[in-house]
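Chemist: This is the structure I have questions about; it appears just below.
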Amino acid sequence: MFIKAAEEKDILPGGMKAVKLQGLEIVLCNFGGAFYAVERACGHANARLERGALTGWILTCPLHYAQFDIRNGEALFGPADPSLKTRGLKTWTVKTEEGSVYVDLP
(Lines give C-alpha, C1' and ligand atoms only; values in the text may rest on other atoms or scores of the structure.)
Protein backbone atom coordinates (compact mmCIF):
# COMPACT_ATOMS: atom_id res chain seq x y z
CA MET A 1 0.00 0.00 0.00
CA PHE A 2 1.49 3.33 -1.06
CA ILE A 3 1.65 5.95 1.72
CA LYS A 4 2.27 9.65 1.08
CA ALA A 5 5.71 10.49 2.52
CA ALA A 6 6.59 13.98 1.29
CA GLU A 7 6.20 16.60 -1.39
CA GLU A 8 8.65 16.37 -4.30
CA LYS A 9 9.53 20.07 -3.92
CA ASP A 10 10.77 19.43 -0.37
CA ILE A 11 13.60 17.14 -1.54
CA LEU A 12 15.85 18.85 -4.07
CA PRO A 13 18.02 16.80 -6.46
CA GLY A 14 20.90 15.40 -4.42
CA GLY A 15 18.92 15.93 -1.23
CA MET A 16 17.53 13.68 1.46
CA LYS A 17 14.71 13.85 3.98
CA ALA A 18 14.01 11.64 6.99
CA VAL A 19 10.39 10.60 7.52
CA LYS A 20 8.55 8.26 9.86
CA LEU A 21 5.79 6.17 8.29
CA GLN A 22 3.82 3.52 10.15
CA GLY A 23 6.56 3.33 12.78
CA LEU A 24 9.36 2.91 10.20
CA GLU A 25 12.18 5.45 9.98
CA ILE A 26 12.99 6.06 6.32
CA VAL A 27 15.25 8.38 4.34
CA LEU A 28 13.90 9.65 1.03
CA CYS A 29 16.65 10.40 -1.51
CA ASN A 30 16.38 12.40 -4.73
CA PHE A 31 18.87 11.37 -7.39
CA GLY A 32 18.33 13.37 -10.58
CA GLY A 33 14.58 13.63 -10.04
CA ALA A 34 14.15 9.92 -9.24
CA PHE A 35 13.18 9.17 -5.65
CA TYR A 36 14.38 6.26 -3.49
CA ALA A 37 13.55 5.13 0.04
CA VAL A 38 16.05 3.42 2.35
CA GLU A 39 16.05 2.70 6.04
CA ARG A 40 17.29 5.60 8.12
CA ALA A 41 19.85 3.84 10.32
CA CYS A 42 23.24 2.72 9.02
CA GLY A 43 23.71 -1.05 9.04
CA HIS A 44 26.83 -0.69 11.16
CA ALA A 45 26.22 1.67 14.08
CA ASN A 46 22.70 3.07 13.51
CA ALA A 47 23.97 6.50 12.41
CA ARG A 48 21.28 8.74 10.89
CA LEU A 49 21.92 8.49 7.16
CA GLU A 50 20.20 11.76 6.19
CA ARG A 51 23.13 13.47 7.91
CA GLY A 52 25.51 11.82 5.45
CA ALA A 53 26.27 12.68 1.84
CA LEU A 54 24.41 11.68 -1.32
CA THR A 55 26.69 11.64 -4.35
CA GLY A 56 24.80 10.34 -7.34
CA TRP A 57 23.19 7.12 -6.15
CA ILE A 58 25.83 6.53 -3.43
CA LEU A 59 24.86 7.39 0.14
CA THR A 60 27.79 7.81 2.54
CA CYS A 61 27.24 7.34 6.26
CA PRO A 62 28.30 10.35 8.35
CA LEU A 63 29.78 8.26 11.16
CA HIS A 64 32.28 5.78 9.68
CA TYR A 65 31.84 6.51 5.95
CA ALA A 66 30.24 3.22 4.89
CA GLN A 67 28.64 3.58 1.45
CA PHE A 68 25.35 2.25 0.13
CA ASP A 69 23.57 2.09 -3.24
CA ILE A 70 20.22 3.85 -2.72
CA ARG A 71 18.71 1.95 -5.67
CA ASN A 72 18.89 -1.45 -3.96
CA GLY A 73 20.35 -0.89 -0.47
CA GLU A 74 23.54 -2.81 -1.21
CA ALA A 75 26.47 -2.04 1.08
CA LEU A 76 29.20 -1.00 -1.38
CA PHE A 77 31.99 -0.29 1.10
CA GLY A 78 32.25 -0.94 4.80
CA PRO A 79 33.23 1.64 7.40
CA ALA A 80 36.59 3.43 7.07
CA ASP A 81 38.05 1.01 9.66
CA PRO A 82 38.35 -2.32 7.78
CA SER A 83 37.78 -4.31 10.99
CA LEU A 84 34.21 -2.96 11.16
CA LYS A 85 31.43 -4.56 9.13
CA THR A 86 28.09 -3.29 7.86
CA ARG A 87 24.99 -4.79 6.30
CA GLY A 88 22.91 -3.53 3.42
CA LEU A 89 19.89 -1.29 3.88
CA LYS A 90 16.23 -2.17 3.55
CA THR A 91 14.61 -0.36 0.62
CA TRP A 92 11.04 0.34 -0.43
CA THR A 93 9.42 1.01 -3.77
CA VAL A 94 8.67 4.69 -4.39
CA LYS A 95 6.34 6.43 -6.83
CA THR A 96 5.57 10.06 -7.48
CA GLU A 97 2.16 11.40 -8.34
CA GLU A 98 0.89 14.98 -8.68
CA GLY A 99 3.96 16.39 -6.90
CA SER A 100 3.95 13.96 -3.99
CA VAL A 101 6.29 11.10 -3.06
CA TYR A 102 4.69 7.80 -1.99
CA VAL A 103 6.39 4.79 -0.38
CA ASP A 104 5.02 1.25 -0.73
CA LEU A 105 4.72 -0.19 2.77
CA PRO A 106 3.36 -3.61 3.74
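Chemist: Which condition does residue 20 not pass, out of (1) crowded, with 18+ Cβ neighbours inside 10 Å; (2) under 23 Å from residue 3 (Cβ atoms); (3) free of Cβ contacts under 8 Å to residues at least 12 places away in the same chain, if it passes all the others?
Modeler: (1)
Chemist: Still on this model: Specify the residue that is surrounded by the most Cβ atoms within 10 Å (Cβ to Cβ); the eligible residues are those in the range 57-91 that are hydroxyl-bearing (Ser, Thr, Tyr) and free of Cβ contacts under 8 Å to residues at least 24 places away in the same chain.
Modeler: Ranking the qualifying residues of the range 57-91, first place goes to 60.
Chemist: Select from the range 41-56 the residues that are surrounded by 15 or more Cβ atoms within 10 Å (Cβ to Cβ) and either of a type in the set (Ser, Thr, Tyr) or closer than 14 Å to residue 88 by Cβ (or both) and list them in ascending order. Before you say what the answer is, go through the steps one by one.
Modeler: So the first thing to find is which residues in the range 41-56 are surrounded by 15 or more Cβ atoms within 10 Å (Cβ to Cβ), and the list is 41-44, 47-50, 52, 54.
Once the filter is applied, which keeps residues that are surrounded by 15 or more Cβ atoms within 10 Å (Cβ to Cβ) and either of a type in the set (Ser, Thr, Tyr) or closer than 14 Å to residue 88 by Cβ (or both), the range 41-56 yields 41, 42, 43, 44, 49.
Chemist: Looking at this structure, is residue 101 modelled with pLDDT of 95 or more, touching a helix residue (DSSP H, G or I) at 6+ places or on another chain (Cβ under 7 Å) and surrounded by 15 or more Cβ atoms within 10 Å (Cβ to Cβ)? So that I can check it myself, show each step before the final result.
Modeler: Details: modelled with pLDDT of 95 or more: yes; touching a helix residue (DSSP H, G or I) at 6+ places or on another chain (Cβ under 7 Å): yes; surrounded by 15 or more Cβ atoms within 10 Å (Cβ to Cβ): yes.
So residue 101 fits the description; yes.
Chemist: Next up: With the structure loaded, tell me whether residue 102 is in contact with a strand residue (DSSP E or B) (Cβ under 9 Å, 6 or more places away or on another chain), part of a strand (DSSP E or B) and of a type outside the set (A, V, I, L, M) or whether it fails that test.
Modeler: It is true that residue 102 is in contact with a strand residue (DSSP E or B) (Cβ under 9 Å, 6 or more places away or on another chain), part of a strand (DSSP E or B) and of a type outside the set (A, V, I, L, M).
Chemist: Which ones in the range 30-51 are under 15 Å from residue 74 (Cα atoms) and in a strand (DSSP E or B)?
Modeler: The answer is 36, 37, 38, 39, 41.
Chemist: Can you tell me which condition residue 76 does not meet? The list is (1) in contact with a Pro (Cβ under 9 Å, 6 or more places away or on another chain); (2) part of a strand (DSSP E or B); (3) over 19 Å from residue 103 (Cα atoms); (4) not aromatic (Phe, Trp, Tyr), and all the others hold.
Modeler: For residue 76, the failing item is (1).
The values are calculated or read from the model by the stated rules, or taken from the named source; none is laboratory data. A quick note: this is a predicted structure, and the numbers were derived from the prediction, not measured. Please note: Cβ atoms are built from the backbone with ideal geometry, for glycine as well, and neighbour counts cover all protein chains shown.
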